[in-house]
Each structure stands twice: as structure tokens, then as C-alpha cells.
Amino acid sequence: MKDFFASIASAWPAIRGWLLSTGIQIAITLVIAVVVTWLVGFLIKRALGRTEAAETPEAIDRAKRLKTVLGALRLLAGVVIWVIAGITILGQLEIAIGPILAGLGVVGVAVGFGAQNLVRDLLGGIFLIVENQLRVGDVVRIGDAVGTVEVLNLRITQIRGLDGHLCTVPNGEIKMVENMTMKWSRAIVKIGVAYRSNIERVIEALHKAIEDLKSDETVGPYLIDTPQIKAIDDFAASSLDVALWIKTMPAKQWDTGRMARRYIKKRFDEAGIEIPFPQVTLSLGPQEAELLASSKKGNKLV
């Protein structure tokens, strides 16, 4: 034990000299890396905070894209900062960086063959962000997953479904993206009316429902344009189908559609317009008609 402390005492001048020279340099490098990482995070959070005040469709669209890009940039900046800090520290320790980089290159080639899926995911994430196919906050359909994008980075996309479940999709497996909230949305409200209904009265009632919708304090501001009436949209089995196309701000089509159905029901009731239920018309052939007539006569005789 005495020999151990004696060796430390004899080596202390060298240790002290290293701490006052190389040690201080390494500490300064680490402090700079921490400060730069914090500063990048702070600036990104501040930029994201300003996007919360977006109200117009154009501002909301820019805010979503900025949030997505800055989220990926924050991760990438952190990796770059600490890689540079690590290389700097190795140089301060007088460790030859060249052979290490050459070895990492060989290892990288070997790992690349076994990590092709990872490379594919990273490339897929880059294209998703650069091409602006989807953003954090968008409502999308990717395969069987439908919901709101909560996380979008270079490797994965996470979608929160309506049931609260979180689906994680590797970016390399995304073949098609159905974005329901890109720039603007549309609520398509289909209504069936009885075949005997006067179609002009139906259109007049729909116009009144549109005016109710436009003056509504809750969903009225969501409308981008005057809703369009599509009459007659289809000849269904038990009804004439008419439709209302409503262009709205992104992600507001569902609330607007629900309110539109309420006003349509109200105006149809006022106008006495029937919303039919499924009906079946039965046609009898000659033999069936005779059989039915004879059975009625038999019942009368009894």
C-alpha cells in the first residue's frame, strides 16, 4: 500500500502537468460541445415555439414543415457536434486519427453489407423530409396505419391512431403516403333523399344549410371556399344521393362535416324532405300473382 502511494506521489508532477495542459484542453472541448448542443436545442425550441401561433393554412403548412425539418436537424446536429468533439479529443491525446478512420472505413463497409435495411430507412427518411411528403402533425395513411404523425426522423415514422395506439413504420418500407391534411382538406358529405323528393327543394334546403355552416362561430372560420352542391350524385338502391363538398383548413374536415350534417338534418326536417331507409320493391310473375289471388279468394270463402 505504501508503494502504491509512493508511486502516485512520484508520478504526481507528471499528472499535474498533464491536467494543466492536455486535461484543460479536453475539458474545454467537452464544455464547448455541451454548450453548442444546448444552444442548438434552445434555438430549435424557440423556433418551434413561434410556429404555435400559426393560424392561416399557409402558415400552418410552413409550421409543420419547419417542425419536421428542425426535428431531424437537431438529431443530425447532435451527432455531428459530438463526432467532431471526439476527433478533437483524440488529437489532443496525441492519438493518430488516420489509422482509426481507416479502420472505421473498413468496419463501415463490412457493417454496410449487414445493415442495408438501415441505410434504406435513412435514405427513405431523407426523401420524405426533402420532398415534403408528410410532416409532424399531419393525418396520414401509410399501409394499414392511419393517424397523426407524432415522430418523423431519418429512420422511422411514428403514427398515433384514433384508438391511441402508436404505430412505428421504418421509412424504407413506406411505398405510398396518403396525406389527408396537406395544405387544405375537404369534407364530402353525402345525403340520400327519397326518389319522390323535389330535387329543387332539396337544393334550396342545402343552400340554407350552407349559410348556417358559414355563420357558425365554431366551424365557419375553417371554411376556405363556399361549399359546392353536387346534385344528383348517384342513383342508389333506395334513394337519390346528393353531396356537399366543403373545402376546409387542414385537419378540419371532420369537425366541419359533422356540423354540416346537423344543419342539413335541421333544414330537411323544416322542408319535409325525407331521408329514406332501405326499401325493397317486390315484383310477382304471372304464376305467382294467380297463386296469390287464389289464396286470397280461399281466405274470403273461409
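Here are a few things to note about the model shown:
- Candidates in region 269-283 are the residues that are assigned to a loop (DSSP other than H, G, I, E, B), of a type outside the set (Gly, Ala, Ser) and modelled with pLDDT of 85 or more; of these, the one that is surrounded by the fewest Cβ atoms within 10 Å (Cβ to Cβ) is GLU274.
- The residue that is farthest from the chain's Cα centre (by Cα), counting only those in region 145-172 that are of a type in the set (D, E, K, R) and either closer than 22 Å to VAL69 by Cβ or crowded, with 17+ Cβ neighbours inside 10 Å (or both), is ARG155.
- Residue in region 237-247 that is at pLDDT 85 or above, of a type in the set (S, T, N, Q), surrounded by 11 or more Cβ atoms within 10 Å (Cβ to Cβ) and touching a Ser or Thr at 6+ places or on another chain (Cβ under 8 Å) present: no
- Conditions (1) small (Gly, Ala, Ser); (2) closer than 27 Å to VAL177 by Cα; (3) modelled with pLDDT under 75; (4) assigned to a helix (DSSP H, G or I): number failed by GLY105: (2)
- Single residue of region 175-196 satisfying the filter (in a loop (DSSP other than H, G, I, E, B) and aliphatic (A, V, I, L, M)) that is farthest from ILE229 (Cα to Cα): MET176
The values are calculated or read from the model by the stated rules, or taken from the named source; none is laboratory data. What you see is a predicted model; the values in this text were computed from it and never measured. For neighbour counting, all protein chains shown are included, and Cβ atoms are generated from backbone atoms with ideal geometry for every residue, glycine included.
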